[in-house]
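These notes are about the structure you will find just below.
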Amino acid sequence: MGTHRTFREAAALLVLCFAGLVQAAPTVGEPSPVDLLGTTPDGEQIRISEHRGKVLVVSFWASWCGYCRKQFPLLDHVQASAGREQLRVVVVNFQEPRSDYVRIRRSLRKSSVTWTHDRDGSLSDAFGVKGVPYMLVFDKAGELAAVRSGYSEESAAQVIDLLNELMSAPAPPPLPPPAPEVVASAAAAIATS
């Protein structure tokens with residue numbers, strides 16, 4: 001009797017521990033669970049916070065995903081049409097081997113979207129991605145405006161309408177400057193290094 005109870009207690013404890021590791025999808029209007037979206041093939045780190053003032057689309061995709069292949073031309077067209085001053089489309093490869101990611105990226109090298117690779121799944125886990133395509137849209141203030149899972153012609157039209165609406169919205173007010181003591185402590189840290 002005591003052994004079964006101990007086993008059940010241990011099993012319950014394991015379930016609770018692993019439940020904390022599973023990340024739920026972010027909620028519209030809430031801050032992003034992470035800032036860094038990855039590094040481009042050119043070495044640029046893509047951060048949500050650095051895109052304040054423009055609309056940001058983050059789409060998780062995989063080469064084996066038929067709906068991703070249908071969605072990609074739309075994302076490429078939207079990026080090329082809007083330009084990087086108003087919009088940045090970041091496509092994040094979802095947990096594929098680097099060789100597959102590189103092969104697809106090379107075949108689409110003329111694309112105007114920004115490429116990153118989530119090989120280990122840590123970024124997709126942070127955003128609660130369970131399948132692809134999976135799209136997050138951030139407004140000019142950097143707040144999550146929409147989450148879309150899957151792809152259809154109807155959803156494509158809705159995404160275009162949403163992006164047009166967000167791009168036509170006024171720019172957010174500038175962020176307040178950091179407190180003087182934060183700037184001073186940062187300057188002191190740099191001077192001593």
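The values are calculated or read from the model by the stated rules, or taken from the named source; none is laboratory data. As the structure is a prediction and not an experimental result, all values here were calculated from the model. Glycine also receives a Cβ, built like all others from the backbone with ideal geometry; neighbour counts cover every protein chain displayed.
Among 53, 66, which is on the phi > 0 side of the Ramachandran plot and out of contact with any helix residue (DSSP H, G or I) (no Cβ under 9 Å at 6 or more places or on another chain)? Give the derivation first.
Working: 66 fails: on the phi > 0 side of the Ramachandran plot.
Sole residue among the options that is on the phi > 0 side of the Ramachandran plot and out of contact with any helix residue (DSSP H, G or I) (no Cβ under 9 Å at 6 or more places or on another chain): 53.
Please go through the stretch 64-79 and pick out each residue that is touching a Leu at 6+ places or on another chain (Cβ under 8 Å) and touching a residue at least 60 places away in the same chain (Cβ under 8 Å).
78
From (1) part of a loop (DSSP other than H, G, I, E, B); (2) at pLDDT 95 or above, pick out the condition that doesn't hold for residue 171.
(2)
Would you pick out the residues in the stretch 59-80 that are within 21 Å of residue 145 (Cα to Cα) and small (Gly, Ala, Ser)?
The answer is 59, and nothing else.
Can you tell me which condition residue 130 does not meet? The list is (1) of a type outside the set (Asp, Glu); (2) more than 12 Å from residue 26 (Cβ to Cβ); (3) buried (at least 22 other Cβ atoms within 10 Å of the Cβ); (4) within 14 Å of the chain's Cα centre (by Cα), and all the others hold.
So residue 130 meets the others, but not (3).
Considering each residue of the stretch 106-124, count those that are in a helix (DSSP H, G or I) and surrounded by fewer than 17 Cβ atoms within 10 Å (Cβ to Cβ), and give that number.
Of the residues in the stretch 106-124, the ones in a helix (DSSP H, G or I) are 106-107, 122-124.
Applying the additional criterion that residues be surrounded by fewer than 17 Cβ atoms within 10 Å (Cβ to Cβ) yields 106-107, 122.
Number satisfying all stated conditions: 3.
For the condition over 16 Å from residue 36 (Cα atoms), touching a Ser or Thr at 6+ places or on another chain (Cβ under 9 Å), in a helix (DSSP H, G or I) and of a type in the set (D, E, K, R), what is the one hit in 103, 148, 84?
Details: 148 fails: in a helix (DSSP H, G or I); 84 fails: in a helix (DSSP H, G or I).
Just a single option satisfies the conditions, and that option is 103.
Given the condition touching a Phe, Trp or Tyr at 6+ places or on another chain (Cβ under 6 Å) and of a type in the set (S, T, N, Q), answer yes or no: does some residue in the stretch 106-117 qualify?
Step one: filter the stretch 106-117 for residues touching a Phe, Trp or Tyr at 6+ places or on another chain (Cβ under 6 Å), giving 117.
Now drop any that are not of a type in the set (S, T, N, Q), which leaves none.
Scanning the stretch 106-117 turns up no residue that is touching a Phe, Trp or Tyr at 6+ places or on another chain (Cβ under 6 Å) and of a type in the set (S, T, N, Q).
A quick yes/no check of all residues on (1) in contact with a Cys (Cβ under 6 Å, 6 or more places away or on another chain); (2) polar (S, T, N, Q); (3) at pLDDT 95 or above; (4) on the phi < 0 side of the Ramachandran plot:
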{"position": "86", "(1), (2), (3), (4)": "no, yes, yes, yes"}
{"position": "95", "(1), (2), (3), (4)": "no, yes, no, no"}
{"position": "103", "(1), (2), (3), (4)": "no, no, no, yes"}
{"position": "141", "(1), (2), (3), (4)": "no, no, no, yes"}
{"position": "177", "(1), (2), (3), (4)": "no, no, no, yes"}
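Could you list, in sequence order, the residues of the stretch 139-163 that are in contact with a Gly (Cβ under 8 Å, 6 or more places away or on another chain), surrounded by 17 or more Cβ atoms within 10 Å (Cβ to Cβ) and not hydrophobic (A, V, I, L, M, F, W, C)?
Once the filter is applied, which keeps residues that are in contact with a Gly (Cβ under 8 Å, 6 or more places away or on another chain), surrounded by 17 or more Cβ atoms within 10 Å (Cβ to Cβ) and not hydrophobic (A, V, I, L, M, F, W, C), the stretch 139-163 yields only 140.
Could you identify the single residue in 45, 95 that is touching a strand residue (DSSP E or B) at 6+ places or on another chain (Cβ under 7 Å), surrounded by fewer than 14 Cβ atoms within 10 Å (Cβ to Cβ) and farther than 21 Å from residue 168 by Cα? Walk me through it before giving the result.
Details: 95 fails: surrounded by fewer than 14 Cβ atoms within 10 Å (Cβ to Cβ).
Answer to the check: 45.
Based on this model, can you work out whether residue 69 counts as within 22 Å of residue 157 (Cα to Cα), modelled with pLDDT under 95 and over 16 Å from the mean Cα position of the chain (by Cα)?
Yes, satisfied.
Here are the criteria: (1) touching a residue at least 60 places away in the same chain (Cβ under 8 Å); (2) assigned to a helix (DSSP H, G or I); (3) within 23 Å of residue 32 (Cβ to Cβ). Tell me which single one residue 142 does not satisfy.
If we test residue 142 against (1) touching a residue at least 60 places away in the same chain (Cβ under 8 Å); (2) assigned to a helix (DSSP H, G or I); (3) within 23 Å of residue 32 (Cβ to Cβ), just (2) comes out false.
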